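Rule-based calculations on the coordinates, nothing more; no lab input. Small disclaimer: the values here were computed from a predicted structure and weren't measured. Virtual Cβ from ideal backbone geometry, glycine too; neighbours counted across all protein chains shown.
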Amino acid sequence: MQAIVLHTPGDAHVLQLETVPTPTVRPGWSLLQVKGFGINRSEIFTRNGWSPSVTLPRILGIEAVGVIADTTDPARLPVGQRAVTLMGGLGRDFDGGYAEYVLVPNVQLYPVTTDLSWPELAAVPETYFTAYGSLRNLQLTTDDTLLIRGATSGVGVAAAKLAQAMGVHQLIGSTRNLAKTPQLQAVGFDRVVEERDGVLQVPPATADKVLELVGPLTMTDSLRVLKPGGIACVTGELGGVWSADFDPITALPPDAYLTAFSSGSVTEAKFQAMLDLITAHRLDVTPTRVFTLAETADAQAFLDSHASFGKVVVCP
Ligand SMILES: NC(=O)c1ccc[n+]([C@@H]2O[C@H](COP(=O)([O-])OP(=O)(O)OC[C@H]3O[C@@H](n4cnc5c(N)ncnc54)[C@H](OP(=O)(O)O)[C@@H]3O)[C@@H](O)[C@H]2O)c1
């Protein structure tokens, strides 16, 4: 099969297409023919050599969608079944989705019912599930003003679409680059605000709920803009900082809550519930750009560029 194998860390050009043996099934694992996969910021981290637990060579890719090509669980995962996979060591502890086929533990293959096209479905697993789980943890209601910090990211745009499906009252998005305002408005943001040197250009107590995608670097500033009784969910680390040194007693507004989300909490039932929400509201989950497997390096470089907006996928 053809695959993108990372042999040595480096910039995007180290991601070259090569021919490798197609994996064969072993007990408890089944083979997915990859029809598409999303590109994720964490894979760029790994490519750069910033994931010390990942040993090389490794086929990267923490998510994939496709059809079961060979199975050790014909009842739940029959050949031809559409399925998705994400996280759980995929593309890190064992070879991942940047390939024509990927061998995955059965417990990490989630059969899905959907009429989305392959590029659409490829945009969904990691990004939409992360957005969906974060909005659940934020206990989003139809009275809420939601501020998404890092709104132009794939997760940010996905959260905006899902929040509208859930009937959010007002949607505010932040970016460091206000030239992206029309793109944010086009995906439903009511208001776009600037992120300048780690400070949101809004007064205190602006939002009932904050989805923090820049991460621990700006978390305290996000708590500043939260209303009393509000909830902030830390889900991303776009700022490149992984932990925070902060005083929760003074940083949190009165009666406010701080939570977090990890896509590692995925289950088959939660994933299908999210797909059903997408279907019921006919959400447009079309990725911003679609690349071929041979263009995976270009796909990563695009995501890493200042022009980046929304979800980027590869369809082998
Ligand atoms: N908790 C989980 O389970 C989970 C799962 C998936 C992803 N994540 C995290 O969620 C975040 C979003 O992921 P993604 O794949 O959707 O990201 P992405 O699409 O790669 O995000 C790109 C956007 O990030 C913004 N950005 C980059 N560096 C920034 C910085 N230093 N400060 C502020 N904004 C910055 C840029 O926006 P502007 O130029 O417009 O400002 C750019 O448009 C990442 O941190 C990712 O690691 C977490």
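Could you say whether any residue in region 88-108 is under 16 Å from the mean Cα position of the chain (by Cα), within 15 Å of the ligand (Cβ to nearest atom) and surrounded by fewer than 19 Cβ atoms within 10 Å (Cβ to Cβ)?
yes
On the basis of being free of Cβ contacts under 8 Å to residues at least 24 places away in the same chain, more than 19 Å from Arg41 (Cα to Cα) and among the polar types (S, T, N, Q), does Thr250 make the cut? Step through it out loud before you land on a result.
Numbers: free of Cβ contacts under 8 Å to residues at least 24 places away in the same chain: yes; more than 19 Å from Arg41 (Cα to Cα): yes; among the polar types (S, T, N, Q): yes.
The answer is yes for Thr250.
Among the residues in region 180-193, are any in a loop (DSSP other than H, G, I, E, B) and among the small types (Gly, Ala, Ser)?
Taking region 180-193 first, the residues in a loop (DSSP other than H, G, I, E, B) are 187-190.
Restricting the remaining residues to those that are among the small types (Gly, Ala, Ser) gives 188.
So far as region 180-193 goes, yes, one or more of its residues are in a loop (DSSP other than H, G, I, E, B) and among the small types (Gly, Ala, Ser).
So, restricting to helices (runs of 4 or more DSSP H) that lie completely within region 111-168, which ones have at least 1 residues that are closer than 20 Å to Pro216 by Cβ and near the ligand (Cβ under 9 Å from one of its atoms)?
Working: elements: 118-122, 125-137, 154-165.
Correct list: 125-137, 154-165.
Restricting attention to region 268-286, and to residues there that are more than 14 Å from the ligand (Cβ to nearest atom) and part of a loop (DSSP other than H, G, I, E, B), which single residue is farthest from Gly230 (Cα to Cα)?
Ranking the qualifying residues of region 268-286, first place goes to Thr286.
Can you name every residue in region 287-300 that is surrounded by fewer than 17 Cβ atoms within 10 Å (Cβ to Cβ) and either of a type in the set (A, V, I, L, M) or within 15 Å of the ligand (Cβ to nearest atom) (or both)?
Ala294
Every residue in region 21-60 that is within 18 Å of Gly310 (Cα to Cα) and touching a residue at least 24 places away in the same chain (Cβ under 8 Å), please.
Gly36, Phe37, Gly38, Ile39, Asn40, Arg41, Glu43, Ile44
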